[in-house]
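Presented below is the structure to which this report refers.
The values are calculated or read from the model by the stated rules, or taken from the named source; none is laboratory data. Please read these numbers as outputs of a predicted model, since none were measured by experiment. Cβ placement follows ideal geometry from the backbone for every residue including glycine, while neighbour counts extend to all protein chains displayed. For accessibility, only protein heavy atoms count, side chains too; no ligands or nucleic acids. Shrake-Rupley method; radii C 1.70, N 1.55, O 1.52, S 1.80 Å.
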Amino acid sequence: MTQATTVRQAVILAGGQGTRLRPYTDTRPKPMIEISGRCIIDHQLDWLAEAGVTDVVVSAGYLADVLIAHLESTQDTRNIRVRTVVEDEPLGRGGGLRYAGRHLPAPNDPWFALNGDIWTRFSLAALTQRHFDQDAIATVALARPRLPWGVVDLDEAGRISDFVEAPLSPYPINAGVYAFSGEILAELPEIGDHERTTFPQLAARGKLVGHEITGYWRAIDTAKDIREAAKELAENAEQAEPEATTKPVTEPAAALD
């Protein structure tokens, strides 16, 4: 028997310097990079709000004043409460999650966590359901991005039979989006990376679950990612344009569900 549960709070990790995105990040933090004229963090906040999240804590670091000013200036445009906390010293991703998680309105209740450089749309309700069905402490969204290289198909004799341009990864990767139970705060490190400390420990106890997602996903790490994400989103929008007599004007793009 399943239970319908809505997670109402989330943390966004937004403290990284984005060195591979320079010069874009010379004057703005990575989550404020724009894709087709839209900041990543604004897209994330809208996505969370649509999923029923009411409160978000943003963990800031690099150019925190720029991010805070942006979030304050856009607060009236969204139906979600946003609080920003700033690390006095770099705590690492795991330490940043712990520090920000303590500032949630209900830190003992479940919460989502997102890396601040992810542009995605998938069902957070499905992620939540998997999390509770499996009685997990942490559930990791898993994506299969396209490989940056072309690959070759070989027959049994080793002859090349085909070339495949940028296929989907045969292995799922950590998508940088999580569902956490309240117990996670006691498991996260004060300083350090949760993927090297907390997650292996939870996996050994059977409390770490993976949830493979369907929908659009891309990490924005380089200038190439900015260009390709803009192109992909434009293509998705074009594919979603209705045919004159068969589809309603309001039908969304399937890849962005």
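Some points to look at:
- Note on Ala230 and Ala204: the model spin-label points, each 7 Å out from Cα along the C-beta direction, lie 4.7 nm apart.
- Cα gyration tensor shape for segment 1-129, rounded if a/c is under 1.5, else prolate or oblate: prolate
- Look at the dipole of the chain built from charges on Cβ: of Gly15, Thr77, Asn108, the Cα furthest out on the positive end belongs to Asn108.
- Calculated volume of the Cα convex hull per residue in Å³ (choose from [x] 184; [y] 151; [z] 222), label: [x]
- Sum of side-chain charges, Arg146 neighbourhood, beta-carbon under 15 Å (Lys, Arg +1; Asp, Glu -1): -1
- About the centre of its Cα atoms, the chain shows a dipole size close to 440 debye [charges on the beta carbon of Lys, Arg (+1) and Asp, Glu (-1) only; nearest 20 debye].
- Global geometry of segment 97-149, whether rounded, prolate or oblate, following the gyration tensor of its Cα atoms and the 1.5 cut on a/c: oblate
- Relative to the Cα centre, the charge distribution of segment 1-95, modelled as +1 at Lys and Arg Cβ and -1 at Asp and Glu Cβ, gives a dipole magnitude of about 260 debye.
- Label zone at Asp88, where the point sits 7 Å out along the Cα-to-Cβ direction: segment 46-75 residues whose backbone N lies under 19 Å: 59-65
- Three-way shape label, segment 9-67, alpha-carbon gyration tensor, a/c 1.5: oblate
- Surface share of carbon and sulfur [accessible, 1.4 angstrom probe, percent] for segment 92-212: 52 percent
- Counting charges near Ser169 (Lys, Arg +1; Asp, Glu -1) among other residues having Cβ under 9 Å from its Cβ returns a value of +2.
- Taking every C-alpha pair closer than 8 Å and separated by at least 6 residues, the mean separation divided by the residue count of the chain gives a relative contact order of 23 percent.
- The chain - accessible surface per residue (Å², probe 1.4 Å): 53 Å²
- Each of Gly158, Ile220, Ile184 was scored by the projection of its Cα onto the charge dipole of segment 119-243, and the greatest displacement toward the positive side belongs to Ile184; charges sit on the C-beta of Lys, Arg, Asp and Glu.
- Around Val56: net Lys/Arg minus Asp/Glu count, Cβ-Cβ under 9 Å: +1
- A Cβ-based charge dipole, computed about the Cα centre of segment 120-159 with Lys and Arg at +1 and Asp and Glu at -1, lands at about 260 debye.
- The stretch between Glu190 and Arg38, if pulled fully straight at 0.36 nm per residue, gains 51.4 nm over its current Cα-Cα span.
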